[in-house]
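**Student:** First the structure, then my questions, so here it is.
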Amino acid sequence: MIASKAAQATFVALLLTGICATAALASAQDKKPASIVLSSQPNEAGFPMWLANKLGYYTERGLTVKIQYFPNGGAALASGAAGDWQAGWTGSPPAITGWAKFGLTTVGTMMKEDRNIKLVMRKDALKGSSPAEVLKTKPIGTVPNSTWSQVLIACARHFGVDPNQMKIVPLDPPVTRQALQSGDVSSGTTDSSPDFDIVNDKEKFEVVCDGAIAKTSVVDPYIVTKKFAAEQPDVAARFVEASFRANEFIMANKDQALKYLLEYYKDIGIDGNEAKARYTLGLRDYQTLNQALADMSDGTTANTLTKTAEVFVAGGAYDKVPDLAANIKAGLPILKAAAALRK
């Protein structure tokens with residue numbers, strides 16, 4: 001019995017040593033330094049990643065990041081396919097295109113924009129008319145094959161208008177706003193904060209619809225490249241966890257987030273002020289890690305992205321809707337690993 005007890009004691013000691021070694025290894029992997037380049041755009045949607053860097057969340061996860069700003073998500077895709085950046089956000093249309101082209105993988109919804117993308121009409125066009133009549137008879141400015149056109153189509157159906165009846169003028173966002181102000185179009189889709197002056201000009205313009213009213217969901221996902229996810233899944237998880245921590249800070253600390261957003265404006269050259277910053281923070285619904293995980297797990301994110309892709313198919317940009325359920329399946333383990341880092 002004495003020998004047996006000694007053997008048992010030795011076994012327990014070895015077991016504990018193994019457990020401690022495993023825990024130490026996991027901790028070391030979590031802290032192991034890594035450098036990555038993040039894709040972003042110079043607008044408010046890129047704020048969380050800038051904030052995660054500002055607040056040291058990436059550093060706490062052992063990450064050194066460089067944020068590369070592209071004029072739009074489409075411009076970032078070729079660079080991402082070449083491996084020039086590993087993670088970030090591009091907007092949902094480029095994320096969908098990137099998945100189809102080179103396995104760009106969604107790792108959770110960064111932000112929901114249902115209320116942020118709006119259909120605005122000139123009041124002189126509405127005078128003696130209705131939103132439905134304006135949509136059927138007057139020129140409309142929007143970005144083709146975009147979440148803007150997704151909201152426009154949903155709003156048309158909300159007002160009982162066949163989208164094929166609309167006279168759409170394909171315009172980039174700044175030109176859409178200019179055309180609204182000049183009267184070259186009678187209505188158009190827009191978003192914050194560049195539309196602040198238009199939306200607040202109550203004598204000249206009226207917001208008649210948005211994604212929430214039209215019951216269409218618009219999301220911007222965080223993304224990672226296929227190669228990055230395969231070769232450095234632990235680093236990808238650390239990026240995801242830190243980024244969502246910044247999201248959560250924004251939603252829980254609006255006054256402090258407002259101050260940081262003003263600093264972000266100055267840092268990357270956005271023409272903004274406190275009124276615009278407060279306005280846009282009130283419309284963009286940044287998601288928590290738990291919210292993103294729930295939506296990824298129950299099919300909500302896949303369904304939402306599929307609805308957006310269907311707009312592209314209808315517009316002739318895609319022959320068919322990509323397999324976005326497979327996209328979510330590929331990204332879900334990284335999001336789960338990010339959640340596990342908090343336990």
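The values are calculated or read from the model by the stated rules, or taken from the named source; none is laboratory data. Please read all numbers here as calculations on a predicted model, not as lab measurements. Here the Cβ is made from the backbone with ideal geometry for all residues, glycine too, and neighbour counts use every protein chain on show.
**Student:** Among the residues that make up the range 74-82, is at least one of them crowded, with 18+ Cβ neighbours inside 10 Å and assigned to a loop (DSSP other than H, G, I, E, B)?
**Tutor:** There is no residue in the range 74-82 that is crowded, with 18+ Cβ neighbours inside 10 Å and assigned to a loop (DSSP other than H, G, I, E, B).
**Student:** Among the candidates Glu231, Glu203, which residue alone is surrounded by fewer than 23 Cβ atoms within 10 Å (Cβ to Cβ) and not assigned by TED's automatic domain parsing to the domain that holds Ala45?
**Tutor:** Answer to the check: Glu203.
**Student:** Can you pull out every residue in the range 266-280 that is without any contact (Cβ under 8 Å) to a residue 40 or more places away in the chain and in a helix (DSSP H, G or I)?
**Tutor:** Lys266, Glu274, Arg278
**Student:** Which residue pairs have Cβ atoms closer than 6 Å, lie 6 or more positions apart in sequence or on different chains, and pair a first residue in the range 304-318 that is farther than 14 Å from Pro94 by Cα and at pLDDT 95 or above with a second residue that is not in a helix (DSSP H, G or I) and not polar (S, T, N, Q)?
**Tutor:** Thr304/Val219
**Student:** Something else: Quick check on my filter: what residues within the range 47-71 are basic (Lys, Arg) and part of a helix (DSSP H, G or I)?
**Tutor:** Lys54
**Student:** Please verify whether Trp85 is of a type in the set (Phe, Trp, Tyr), assigned to a helix (DSSP H, G or I) and modelled with pLDDT of 95 or more, treating the condition exactly as stated.
**Tutor:** No.
**Student:** Those residues that are outside any loop (DSSP other than H, G, I, E, B), surrounded by fewer than 24 Cβ atoms within 10 Å (Cβ to Cβ) and more than 10 Å from the chain's Cα centre (by Cα), I need them from the range 95-118; list them, please.
**Tutor:** If the condition is that a residue be outside any loop (DSSP other than H, G, I, E, B), surrounded by fewer than 24 Cβ atoms within 10 Å (Cβ to Cβ) and more than 10 Å from the chain's Cα centre (by Cα), then Thr97, Ala100, Lys101, Phe102 are the ones that fit.
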